[in-house]
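The values are calculated or read from the model by the stated rules, or taken from the named source; none is laboratory data. Not measured: the values here are computed from a predicted model. Please note: Cβ atoms are built from the backbone with ideal geometry, for glycine as well, and neighbour counts cover all protein chains shown. SASA here: full protein model, heavy atoms, side chains in, ligands and nucleic acids out. Shrake-Rupley method; radii C 1.70, N 1.55, O 1.52, S 1.80 Å.
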Amino acid sequence: MSSGPLAGMLVVDLSRYLPGPLTGHLLASLGARVIKVEEPRLGDPVRYAPPLVGKVSSLAAQVLSGVESVALDLKKPAGLKVLERLLERADILLETFRPGSLAKLGLEPKELRQRFPALVICSLSGWGQEGPLAQRSGHDLTYQAVAGSLAPTAAMPAVPSADLLGAWSAVASILAAVARCSRTQQGSWIDASLYGAALHGNLVAWAAEVAGPREVGESHDLAGALPGYQLYRTSDGGWVALALLEEKFWRRFWQALGSEDMSPKYMGSKGIGSKDLGSRDLGPKKLARRRLGRSQETRSQLGKIIATRKRQEWEVFFDLHDLPGAAVLSPQEAANHPQALEEGVLSADSQGLPRLAFPARFDGERPAAGARIPALGEHTEAVLAELDMAPGELPRWKARGGVGKRLGVRRWLARWLVR
């Protein structure tokens, strides 16, 4: 990664679970050297997140690849001594402890800023460093719940958006602080929160709220209120996503349905009219005049129309008429889609474990973190040697790799997955 945009930068990563390690992985993808400091016996709980391929978590394969692992017990003076030596060389410190935890270790951020003026410290917490919930436990679902993100559908989200947006906002904040440091030689202490990221990600709902307060379960335009921006079931049991937001696409959709020159192979030589849906149903011309109406009647007619054809037939129809519609793909189908293969963001190793490259290109090249997932503590001795410290300066410990027979990993995770 010596050629990446962040080449030459050193990140000390104290984070655990998903958002912090993803932040570290993204920085590693951009060329930074990321030294992940882990608890010596079991390490980051993300290593045990199911499903496992052999002894390797498929989630860990995506967020730990390309970093180095150093095992340190930060509750012991020897471990803290190594960490402080690392911070003397570091550009960035990333941590995801609850507020006040660093201070309990003798690493209060304000004091660190005085000792290491150019150090950028990113504290990525659940609720932020201040406020009534700052010390509360939480996870993505609770952050989304309190941020209002779940209200429009009152349903389980498919994506842990607070965690993912939190990681990306942390990366953006770190890069902004690094840019300022390059001009002023002054670091920063960044207070980033997953809850704050969830609030930011709910921007469409905040805009919709101006028209009047909505109750939980009451959708807005981009969360199911518009019939033309919705998922519909096809005749073969598949699903398609319609995204006919603009008037031109709405009209084009209905004109194509009612036209005489549609592909007879897929849509029938006379298109779809009211006779295909029943004598009391509206035809394409009348529905087209309704534009993006929110009526249940329009939604019902659209559902009936989509249900007349198979998913593949609709895919051809959307492509033929350049309409913003698409088949809803399974993860396996999505991974093998020609566009995904061309992008090269997602790949798999020889064991079938997924790897994620950075989603943007720089001068035509896409940066990617190294493919290897470090074993717990794999780089401890090498890093100690760089710091002119001997392995004997650390207390002896035995790493417990894999999901051990007597580890009680489920009990351990239940205790430690509260952040």
By residue number, the members of the range 359-369 that are farther than 12 Å from S65 by Cβ and either open to solvent by less than 30 Å² (accessible area, probe 1.4 Å) or touching a residue at least 12 places away in the same chain (Cβ under 8 Å) (or both) are P359, F362, R366, P367
Of (1) closer than 22 Å to T380 by Cβ; (2) in contact with a helix residue (DSSP H, G or I) (Cβ under 9 Å, 6 or more places away or on another chain), A49 fails just (1)
Single condition S57 does not satisfy, out of (1) open to solvent by less than 40 Å² (accessible area, probe 1.4 Å); (2) in contact (Cβ under 8 Å) with a residue 12 or more places away in the chain: (2)
May I ask you to verify whether D349 is surrounded by fewer than 15 Cβ atoms within 10 Å (Cβ to Cβ), out of contact with any Asp or Glu (no Cβ under 9 Å at 6 or more places or on another chain) and either closer than 16 Å to R33 by Cα or charged (D, E, K, R) (or both)? no
For the range 150-216, give me every one of the helices (runs of 4 or more DSSP H) that falls completely inside it and has 2 or more residues that are open to solvent by 20 Å² or more (accessible area, probe 1.4 Å) and under 19 Å from I92 (Cβ atoms). 161-184
So which of P213, P227, P157, P152 ends up being of a type outside the set (V, I, T), free of Cβ contacts under 8 Å to residues at least 24 places away in the same chain and in contact with a helix residue (DSSP H, G or I) (Cβ under 7 Å, 6 or more places away or on another chain)? P157
Under the condition of being out of contact with any strand residue (DSSP E or B) (no Cβ under 6 Å at 6 or more places or on another chain) and aliphatic (A, V, I, L, M), which residue from the range 329-339 is least open to solvent (accessible area, probe 1.4 Å)? A334
Before we move on, is P395 part of a loop (DSSP other than H, G, I, E, B) and at pLDDT 80 or above? no
